[in-house]
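Chemist: First the structure, then my questions, so here it is.
The values are calculated or read from the model by the stated rules, or taken from the named source; none is laboratory data. From a predicted model like this one, the values you see are computed outputs, not experimental measurements. Here the Cβ positions follow ideal geometry from the backbone for every residue, glycine too, while neighbour counts run over all protein chains shown.
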Amino acid sequence: MEVLKFTSLLVNKSDNMHKVSRAIVLFFVISNFVLAEKEASAQKFGHIDSGYILSKMPEYSEKKKEIEDLHKEYDKVVRSLQNEAEKMRAELRAKEILFTPEMIKEKQKEIDLKEQEALNKSTELFGYDGLIYKKQNELLRPLLQKMSEATEIVSRKHNLDYMLDKAADVSIIYSNPEHDYTEFVLEELELLKKKN
């Protein structure tokens, strides 16, 4: 408010002062933008490596093994259907000369149905929102929740505005180790002895 009074007084002076007052007003406007920019850049950032934190959690290796076993089991189911379709195709090729054109079309239709069944099963198990991803989410959610809560506590303790994850799809080209809070999160999760 005082800046406005001061500038209005300067503007009301003589013509020579008019040019000077414009410069002063411009200076104050630019200063305000510079100060506002400095305030905006004062936000504090930190980063963690969630992959490293998860690897330090004893429960994670158990859950990871369970997911891998389930993945192998689901893969066997899909491969079995694919193998059946391939076996049917090989059988058709071997006996093709014995079949009429209608029989060949019928056999080809059966093969196409088997291949579609294999594709549908693969999508059901491994596709977007497939069973394997639902199970993975179900198994890892409690661990990720614990890590998230610990990260929030660390962020609040260190007055951070943002916490980034190096293991996520955020592209961090360089990060100063000074801003790495991974060890603090591990301490909060009691997976590392606290530093004194």
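Chemist: Can you find a residue that is more than 28 Å from T182 (Cβ to Cβ) and among the charged types (D, E, K, R) anywhere in the stretch 142-150?
Modeler: No, every residue in the stretch 142-150 fails to be more than 28 Å from T182 (Cβ to Cβ) and among the charged types (D, E, K, R).
Chemist: Another question, if that's okay. Among the listed residues Q136, Q145, identify the single one that is without any contact (Cβ under 8 Å) to a residue 40 or more places away in the chain, part of a helix (DSSP H, G or I) and out of contact with any Pro (no Cβ under 7 Å at 6 or more places or on another chain).
Modeler: Sole residue among the options that is without any contact (Cβ under 8 Å) to a residue 40 or more places away in the chain, part of a helix (DSSP H, G or I) and out of contact with any Pro (no Cβ under 7 Å at 6 or more places or on another chain): Q145.
Chemist: Report, ordered by the first and then the second residue, all pairs with beta carbons closer than 8 Å, sequence separation of six or more or different chains, a first member in the stretch 78-102 that is in contact (Cβ under 8 Å) with a residue 60 or more places away in the chain, and a second member that is assigned to a helix (DSSP H, G or I).
Modeler: none
Chemist: Something else now. Looking at this structure, is L186 surrounded by 12 or more Cβ atoms within 10 Å (Cβ to Cβ), within 18 Å of the chain's Cα centre (by Cα) and under 19 Å from P58 (Cα atoms)?
Modeler: no
Chemist: Would you mind finding the one in E59, E68 that is closer than 30 Å to D180 by Cβ, in a helix (DSSP H, G or I), of a type in the set (D, E) and at pLDDT 95 or above?
Modeler: E68 is the lone residue from the list that is closer than 30 Å to D180 by Cβ, in a helix (DSSP H, G or I), of a type in the set (D, E) and at pLDDT 95 or above.
Chemist: Kindly indicate which of D169, D129 is within 29 Å of R79 (Cβ to Cβ) and assigned to a loop (DSSP other than H, G, I, E, B).
Modeler: Just one listed residue meets the conditions, D129.
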